[in-house]
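Visitor: Would you mind keeping the following structure in view while I ask a few things?
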Amino acid sequence: MLILYLSSLSTKYSPDQLDSFNSLKSVYINYEQQFPELINFINYSKSKYKLDLVSINMKLKQGFTQYLQYHPEIKAIIVGTRRSDPFASDLKHFQKTDHGWPEFIRIHPVINWHYDEIWCFIQKTQIEYCELYDKGFTSLGGIDSTIRNPSLKLQNGDYLPAYELKGDERERDGRNVK
């Protein structure tokens, strides 16, 4: 999402104007214990892209509530939700949050993209990504609720990288494991 957003900014602003941006407001909300590799990648990205990143250790609804209390000027948030994600089949590209959630517009630029298209984009643009995807993970939750995707396991016990998985149906097969 970040790369798509930065790319869209480049159509409106010159390189000199883009360099003058001090930082880009961003938020990472998660309540589970995270993989060290993911935390390292987030910190690397924060530095590389000059992100004004707020990390919040709460469930999503409470996390957005807290974030918007500190940043009431935020009216819209870009998210990477796709139709194949849980509870996302009816989402639109631009949509207000549901009743009972903090109010903002959710922007879903990749809502109609498929898993294969995400990986094609990442590979063709040579975007850096968290190393866990090269180790058989296809969807990252917490350490206690995520394993490598069983669909990528080889007979010798190794795992194929995430981009080898085909289709949307098995992307989350390694999630919600207790």
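The values are calculated or read from the model by the stated rules, or taken from the named source; none is laboratory data. All figures in this text were calculated on a predicted structure; none of them were measured in a lab. Glycine also receives a Cβ, built like all others from the backbone with ideal geometry; neighbour counts cover every protein chain displayed. What goes into the accessible areas is simple: the full protein's heavy atoms, side chains included, and nothing from ligands, DNA or RNA. Shrake-Rupley method; radii C 1.70, N 1.55, O 1.52, S 1.80 Å.
Visitor: Accessible area per residue, 1.4 Å probe, Å², for the chain: what's the number?
Guide: On a per-residue basis, the chain sits at 64 Å².
Visitor: How large is the Rg to Rh ratio of the range 15-104 when both quantities use alpha carbon positions and Rh follows Kirkwood?
Guide: Rg divided by Rh gives 0.98.
Visitor: Taking the square root of 5 times each eigenvalue of the Cα gyration tensor, what semi-axes in Å does the equivalent ellipsoid of the chain have, largest first?
Guide: The answer is 28, 20, 17 Å, longest axis first.
Visitor: Now a separate question. Could you give the spread of the C-alpha atoms of the range 1-47 along their three principal axes, from largest to smallest, in whole angstroms?
Guide: The Cα atoms of the range 1-47 stretch 40, 16, 15 Å along the principal axes, largest first.
Visitor: Also, quick follow-up: Stick to the Cα atoms of the range 62-163, pair each with every other, and give me the Kirkwood hydrodynamic radius in Å at one decimal.
Guide: With all distinct Cα pairs of the range 62-163 included, I get 16.0 Å.
Visitor: So in the chain, what percent of DSSP beta bridges are antiparallel if you round to the nearest 5?
Guide: Antiparallel bridges make up about 35 percent of those DSSP assigns within the chain.
Visitor: Ok, one more. By how many degrees, 0 to 90 and rounded to 10, does the Cα axis of helix 60-70 deviate from the longest principal axis of the chain?
Guide: In the chain, helix 60-70 runs at an angle near 30 degrees to the longest axis.
Visitor: Sticking with this one: Which percent of the accessible area of the chain is formed by carbon and sulfur heavy atoms (probe 1.4 angstrom)?
Guide: It is 52 percent, rounded to a whole number.
Visitor: Sticking with this structure for a sec: Taking 7 Å along the Cα-to-C-beta vector as the label spot, tell me the Q123-E37 distance in nanometres, rounded to one decimal.
Guide: Taking the simple label geometry, Q123 and E37 are separated by 1.8 nm.
Visitor: GluC sites (Glu not before Pro), restricted to the range 119-177: which are DSSP loop and have at most 16 other Cβ atoms within 10 Å?
Guide: Within the range 119-177, the qualifying GluC sites (Glu not before Pro) (loop, at most 16 other Cβ atoms within 10 Å) are E128, E169.
Visitor: For the chain, what is the calculated [θ] at 222 nm in deg cm²/dmol (nearest 500), taking -39500 (n - 2.57) for each run of four or more DSSP H residues and dividing by its residue count?
Guide: It lands at -8000 deg cm²/dmol.
Visitor: How far is the Cα center of the range 46-103 from the Cα center of the range 153-178, in Å?
Guide: Centre-to-centre (Cα) distance: 27 Å.
Visitor: Under a 5 Å amide H to amide H cut-off, with H placed in plane at 1.01 Å, what residues pair with L24 once short-range neighbours are removed?
Guide: For L24, the qualifying residues are L51, D52.
Visitor: Okay, moving on. Residue by residue through the range 121-136, which ³J(HN,Hα) values in whole Hz follow from phi under the Karplus form 6.51 cos²θ - 1.76 cosθ + 1.60 (θ = phi - 60°), with glycine and proline marked x?
Guide: 4, 4, 6, 5, 8, 6, 6, 6, 8, 4, 4, 4, 5, 7, 10, x
Visitor: List the aspartates and glutamates whose alpha-carbon lies under 13 Å from that of K25, not counting same-chain residues fewer than 8 positions away?
Guide: Within the straight-line limit of under 13 Å, K25 reaches these aspartates and glutamates: D52, E73.
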